[in-house]
1. State all residues of region 44-59 that are of a type in the set (Asp, Glu) and assigned to a loop (DSSP other than H, G, I, E, B); if no residue qualifies, say none.
2. Within region 41-52, does at least one residue satisfy the condition of being within 24 Å of Ala117 (Cβ to Cβ), crowded, with 19+ Cβ neighbours inside 10 Å and not aromatic (Phe, Trp, Tyr)?
3. Go through the residues of region 144-156 one by one and say whether even a single one is more than 17 Å from the chain's Cα centre (by Cα), at pLDDT 80 or above and either assigned to a helix (DSSP H, G or I) or assigned by TED's automatic domain parsing to the domain that holds Arg84 (or both).
4. If you check Ile184 against the conditions, is it at pLDDT 85 or above and touching a helix residue (DSSP H, G or I) at 6+ places or on another chain (Cβ under 6 Å)?
5. May I ask you to say which residue of Ala35, Ala80, Ala41 is in a helix (DSSP H, G or I), aliphatic (A, V, I, L, M) and modelled with pLDDT under 95?
6. When you check Ala70 against the structure, is it in a strand (DSSP E or B) and either modelled with pLDDT under 95 or in the same structural domain as Asp101 (by TED's automatic domain parsing) (or both), yes or no?
7. Do the conditions hold for Ser25, that is, is it within 22 Å of Val115 (Cα to Cα) and either among the hydroxyl-bearing types (Ser, Thr, Tyr) or in contact with a Lys or Arg (Cβ under 6 Å, 6 or more places away or on another chain) (or both)?
8. Somewhere in region 95-110, is a residue closer than 21 Å to Asp67 by Cβ, more than 16 Å from the chain's Cα centre (by Cα) and not aliphatic (A, V, I, L, M)?
Amino acid sequence: MRYLVVGCGRMGAGLARALHAAHHSVTVVDTDAAAFARLGAAFTGEQVVGVAFDRHVLERAGIRSTDGLAAVTGNDEANAVTARLASRVFHVPRVVARLYDPLQAHIYRRLGLQVVAPVDWGVQRLVELLTLGGVVVTTSLGTGQVDLVEAELPTLLEGRRANEVTVPGEILPVAISRGGRTFIPTLATVLESGDILHLAVVGPSRGRLASLLGER
């Protein structure tokens, strides 16, 4: 697969190295040639100097044959313009932009742009770490509205059924790890001591999950 990374700061360089290590073809664009030093000696992908939202720069970087583009410069406006240009004009199949401003991120999501918002994510993650105790977020789905979390079964739920940690449309146990194996439960599955619950949770219901697990 061919990927185009726009911006060679810490995130851009890290992303480029990770894609390169996974044996993808990677081109990195930055306005400052010195920024490419962050890629390290092992990186053998292409490096293009220029302003990423310049169509000629993008074409020189091979945007017409790329499978995905990540706009991760330090400027929200530049990332948004580059991502929309890649999506609307060049029809790149997968486009993601990093936006620091939560309001801008919300606006561009409504316009159909896939956005990574570190500030929003960081704030929510801090809230989880401070308030959800033993609940661990393993991954976020979509733009972060639904999380997959895992939690060790508390004593108060031993012998109960999976339906007691189910809230339709909000909280759903999708798997249980027990005795070295993981399986998909039914609502009638009896919960046992030592179970690890894997649950899908919508963002506003994280507090409710904590209550169900007896952490509040």
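1. Across region 44-59, the qualifying residue is only Asp54.
2. Yes, region 41-52 contains at least one residue that is within 24 Å of Ala117 (Cβ to Cβ), crowded, with 19+ Cβ neighbours inside 10 Å and not aromatic (Phe, Trp, Tyr).
3. So far as region 144-156 goes, yes, one or more of its residues are more than 17 Å from the chain's Cα centre (by Cα), at pLDDT 80 or above and either assigned to a helix (DSSP H, G or I) or assigned by TED's automatic domain parsing to the domain that holds Arg84 (or both).
4. No: the conditions fail for Ile184.
5. Being in a helix (DSSP H, G or I), aliphatic (A, V, I, L, M) and modelled with pLDDT under 95 holds for just one of Ala35, Ala80, Ala41, which is Ala80.
6. yes
7. Spelling it out, it is not the case that Ser25 is within 22 Å of Val115 (Cα to Cα) and either among the hydroxyl-bearing types (Ser, Thr, Tyr) or in contact with a Lys or Arg (Cβ under 6 Å, 6 or more places away or on another chain) (or both).
8. No, region 95-110 has no match at all.
The values are calculated or read from the model by the stated rules, or taken from the named source; none is laboratory data. Keep in mind that what you see is a predicted model, and the values were worked out from it rather than measured. Cβ sites come from the backbone with ideal geometry, for glycine too, and all protein chains shown count toward neighbours.
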